[in-house]
Amino acid sequence: MCRYCETEWLFNLLACPWCDNEDHRSLAFLQIEDTPGYALHVCEQCRGYLKVVDEKNGGFCQMPAVEITTIYLDILARQQGYYNDAANI
Ligand SMILES: [Zn+2]
């Protein structure tokens, strides 16, 4: 979902939206134990990350508030050396 216009579209779950990497060996999901329903998808090829809200597992995605309520995911990703250009805006 676009954080600005809330447009939704389908995207391959096993691909990086930043570099189009589809090699599953360099893609990972980081689940946060204390917050089921929220995760990070990371790419070892470009070191990009994407915050993921899984509403089927307790995540709640209401824009734009979700950007603030999930800022801990941005901090965690950056601490581990991943980057997301959208988070720099
Ligand atoms: Zn990538």
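No value in this document is a laboratory result; all are computed from the given coordinates. None of these values were measured; they are calculated from a predicted model. No Cβ is skipped: glycine too gets one built from the backbone with ideal geometry, and neighbour counts run over all protein chains shown.
Points worth noting:
- Average projection area in nm² (convex hull over Cα atoms of the chain, one quarter of hull surface): 5.8 nm²
- Simple label model, 7 Å out from Cα along Cβ direction - residue 79 to residue 5, nm: 3.6 nm
- Convex hull of region 23-64 built on C-alpha atoms - directionally averaged projected area, nm²: 3.6 nm²
- Using C-alpha pairs under 8 Å with a sequence gap of at least 6, the mean separation divided by the residue count of region 24-84 gives a relative contact order of 28 percent.
- Within region 47-71, backbone nitrogen closer than 18 Å to the virtual label 7 Å beyond the Cα of residue 12 toward Cβ: 47-50
- Annotation: extensible slack from residue 22 through residue 56 equals 9.8 nm (criterion: 0.36 nm per residue apart, minus Cα-Cα distance).
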